[in-house]
Amino acid sequence: MPTDQAPRTSDWTTQAACLTADPQVFFPDVERLATLRDVRDAIPHCATCPVIRDCYQAAVRGREHGIWGGHLFVSSGQAHNIFAIASRPDHRDRRRHADRESGQ
C-alpha cells in the first residue's frame with residue numbers, strides 16, 4: 001500500500017506492488033464507495049504483490065478501509081475478496097444481457 005496509508009512501523013510497505021500506484025484506486029474518498037473499476041484496477045497490483053498477506057493483516061489490525069491485501073474493507077469492518085468481486089458481472093453487464101434476451 002502507499003506508505004502514507006500503511007502502518008509506519010512495518011517495512012513490508014516498501015515491497016508492496018502498489019507503492020507507485022494511484023492511491024485513489026485503493027483509498028477512494030470517504031464520500032464515495034469503491035467502484036467495480038477501482039477493484040479491477042487494484043487486481044494487477046494485488047495479484048503480483050509479494051507482501052499481500054502482510055498488507056491484509058495490517059488492515060485487519062488497523063481496522064482500515066479501502067483495498068488492502070486483495071480485499072475491500074468497508075466501514076462496517078467487513079472484508080470482501082476483490083478477485084471474487086471482479087469476477088462477477090457488474091449490474092450494467094447483467095442489464096445489457098437481460099435486454100438482449102428480451103429482444104430490446
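Nothing in this text is a laboratory measurement; each read-out follows from the coordinates by a stated rule. Everything numeric here is computed off the predicted structure, so don't read it as measured data. Here Cβ is always computed from backbone atoms with ideal geometry, including for glycine, and neighbour counts include all displayed protein chains.
Kirkwood analysis of the Cα pair distances in the range 32-89 returns a hydrodynamic radius of 11.3 Å. Protection proxy ranking of 54-66, 77-89, by the mean of other Cβ atoms within 10 Å over each peptide's residues and highest first, is 54-66, 77-89.
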